1. In region 124-167, what residues are surrounded by fewer than 21 Cβ atoms within 10 Å (Cβ to Cβ) and hydroxyl-bearing (Ser, Thr, Tyr)?
2. Only one residue in Leu76, Leu57 is modelled with pLDDT of 90 or more, among the hydrophobic types (A, V, I, L, M, F, W, C) and surrounded by fewer than 14 Cβ atoms within 10 Å (Cβ to Cβ), so which one is that?
Amino acid sequence: MSTVPDDDADLMDRVKAGDPAGAEGLFTRYAGPILGFTERMLGSRAEAEEVTQDVFLKMITRCGQYDGRASVSTWLFAIAANACRDRLRSAWRTTSVPLEAVPEPKGEGSIEGGLLQKEQRRVVRAALERLSREQREALLLARYQGMPYAEVARTLGISEGAVKTRVFRAVETLRALFAEEGGPTWTAARS
């Protein structure tokens with residue numbers, strides 16, 4: 001009976017060796033975060049699921065391209081970000097893509113509270129839609145995925161300073177939009 005190691009690099013070595021347990025371990029660990037990122041980028045759960053599947057297929061078929069200079073998670077998010085860019089470029093040529101961020105929460109609560117939360121999510125989605133693709137990518141990776149700026153920079157193939165600038169501008173834009181619409185306030189603290 002084989003056990004799956006906890007280290008991402010060990011799992012990637014297993015993928016390179018053709019061991020399905022390596023791919024399964026990485027899928028288990030990163031499918032949820034990558035799906036959340038791609039859904040926020042694309043605005044469609046169905047498209048996000050397709051892209052997430054493609055990310056893991058590419059991980060398997062292109063595992064020889066992984067050289068270990070970046071973390072496995074950075075490499076996977078870079079594949080996801082590139083796939084989202086490709087989808088958005090092709091969608092932009094045909095139609096605009098609405099950004100549907102987070103699925104509705106399941107649970108108990110008042111109807112009024114649920115409606116208020118739904119309205120707040122709508123305002124946030126609309127504001128995120130108004131950011132440039134570059135700002136939205138950096139913000140989603142840094143704030144929603146909790147990646148350090150250095151890792152976001154490696155994922156997007158830009159400098160750490162460019163990441164900081166994009167996140168700063170995104171936050172400033174969101175603050176202004178929320179102030180205009182009386183929406184939620186955006187905190188400056190980095191999460």
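The values are calculated or read from the model by the stated rules, or taken from the named source; none is laboratory data. Predicted, not measured: the structure shown is a model, and the values here were computed from it. Quick reminder, even Gly has a Cβ in these numbers, built from the backbone with ideal geometry, and neighbours come from all protein chains shown.
1. Ser132, Tyr144, Tyr149, Ser159, Thr165
2. Numbers: Leu76 fails: surrounded by fewer than 14 Cβ atoms within 10 Å (Cβ to Cβ).
Going through Leu76, Leu57 in turn, the sole match is Leu57.
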